[in-house]
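Here the structure comes first, spelled out in structure tokens, and everything after it is commentary.
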Amino acid sequence: MSMSVNRPFRLVLLLNAALIPALLLVYQLAVRPALHGVGPLDVHATIAENGGFQPGSIQVQVGQKLTLRFSSTDLPHGIAIGPGLGADLGPVIPGKIKEVTLTFDRPGRYTYYCNTWCSPNHWRMRGVIEVTDPANPVPVTETDPVIAALVAEGVDIDAVHNTTAAAPHGHAEEMAVSAQRGAALVNTLIIPPELRDINWRRSHTPAQGVALLAAQNSAAQEADLQDVTAFLWTADAAPEALSAAALTYAKNCLACHGATGGGDGFMAGQTAQLPVAFSDTQHMFTMRADVLYAKIRRGGMGTDMPNWGLLFTPEETWALVDYIWSLALK
Ligand code: HEC
Ligand SMILES: [Cu+2]
């Protein structure tokens, strides 16, 4: 008899002991942050020499609405936020405000940055949005599998390339390679399966591609082998990704590397080392895509090549690499 009295009582106890704290937790972690967003927060853009963005860092929780109001204290800046948010707000002119509201569904670090060349230190104009998840407070480790594989292989992504050192500009034998011409020739040659494999191509140089192709086509002309290799190196790039990368390049890379990859942008004379000329086919034939990728994401070591890993997604970075190949191999 006492059992039948006890059961509903125990159920109430259980409700109190488990369900209510659980509901409270859900409220605290999910509902409350969503209700109480961060901002609107004023972010003032000033050239890097005078302090860059104020504030320079912002904290927000997963699921929380973040509203930012960008303004400029000096000259026009271009405001974008990445990686992978598709947030390019365009120019912010002094006296005007650009507002954006973001909600993050994953913890991590995001970057707001200027993408208009505004001063010699323009590319240092960056601010950090730190997104945390109170339900999962373990810091996210950002290891890039491509860079980790290069390290494991013992590849030095800062190696100085002998082509540029041995053959200063203008004195090198011009190497005219045409992917377009290669497209017309590709069916006349035996193509080893490696050359059709994107992972092989990304971890080998076009020069290695030519050697492999030569081994199967001993009667072919060297120029034909080079053109077919150039075609195979560039054929897979998706046109939409490539045109998005062209825009990213124009805003972020052109100042140093030049409009057509000549290494002759208007900032080229002011960098610690000369920007690499992607139009130098001879040099690019000795480069691996994964090394280009790693250099873009990590940047140079005191060379003034900025790091872009906090701005672009891995996919956006591969698209930039594809765009660089298109400049090198036409
Ligand atoms: C402030 C000038 C500057 C800007 C802006 C810049 N770079 Fe560079 N970049 C350099 C310099 C200098 C080097 C050569 C030194 C080095 O490799 O660290 C370089 C090297 C590279 C390399 C290595 C190429 C090779 O063959 O070793 C790649 C790839 C590259 N840049 C891509 C980019 C991309 C993509 C962007 C834009 C998202 C960009 N760079 C923006 C200055 C710049
Ligand atoms: Cu700028």
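Quick notes on this one:
- Put simply, the amide H of Leu89, placed in the peptide plane, has neighbours under 5 Å in Ile79, Ala80, Ile81, leaving out anything fewer than 5 places away on its chain.
- The fraction of accessible area contributed by carbon and sulfur in segment 38-132 is 50 percent, rounded to a whole number (1.4 Å probe; ligands and nucleic acids excluded).
- Ligands, DNA and RNA excluded, the heavy atoms of Lys98 present near 70 Å² of accessible surface to a 1.4 Å solvent probe.
- Accessible surface computed residue by residue for segment 38-132, with neighbouring protein chains in place and a 1.4 Å probe, gives 44 Å² per residue.
- With both residues required to sit in segment 38-132, DSSP beta bridges show an antiparallel share near 70%.
- Each Lys or Arg adds one and each Asp or Glu subtracts one; over the other residues with Cβ under 15 Å from the Cβ of His122, this totals 0.
- Karplus (6.51, -1.76, 1.60) ³J(HN,Hα), θ = phi - 60°, over segment 202-209, in Hz, Gly and Pro reported as x: 5, 10, 9, 8, x, 4, 5, x
- Per-residue ³J(HN,Hα) for segment 217-222, Karplus 6.51 cos²θ - 1.76 cosθ + 1.60, θ = phi - 60°, Hz, x for Gly and Pro: 10, 5, 8, 6, 6, 4
- For Phe104, the residues 5 or more places off, or on other chains, whose built amide H falls under 5 Å of its own are Gly63, Gln64.
- 15 Å beta-carbon shell around Gly154, net charge (K/R +1, D/E -1): -3
- The distance between label points at Gln270 and Asp158 comes to 2.4 nm (points 7 Å beyond Cα on the Cα→Cβ vector).
- In terms of overall dimensions, the C-alpha atoms belonging to segment 145-329 reach 47, 38, 34 Å along their principal axes, ordered largest to smallest.
- Evaluated at q = 0.11, 0.19 Å⁻¹, a Debye calculation over the C-alpha positions of segment 235-330 (equal weights, vacuum) places log10 I(q)/I(0) at -0.27, -0.88.
- Charge context of Arg202, other residues only, Cβ under 12 angstrom, K/R +1, D/E -1: -3
- Less than 5 angstrom separates the built amide H of Gly265 from those of His257, Gly258, all sequence-distant by 5 or more or on a different chain.
- 3J(HN,Hα) along segment 290-303, derived from phi through the Karplus expression 6.51 cos²θ - 1.76 cosθ + 1.60 where θ = phi - 60°, amounts to 5, 6, 4, 4, 5, 5, 5, 6, 8, x, x, 10, x, 9 Hz, with x in place of Gly and Pro.
The values are calculated or read from the model by the stated rules, or taken from the named source; none is laboratory data. All figures in this text were calculated on a predicted structure; none of them were measured in a lab. When we count neighbours, we look across all protein chains shown, and the Cβ atoms used for this are built from the backbone with ideal geometry, even at glycine. Heavy atoms of the whole protein, side chains included, go into the accessibility calculation; ligands, DNA and RNA do not. Shrake-Rupley method; radii C 1.70, N 1.55, O 1.52, S 1.80 Å.
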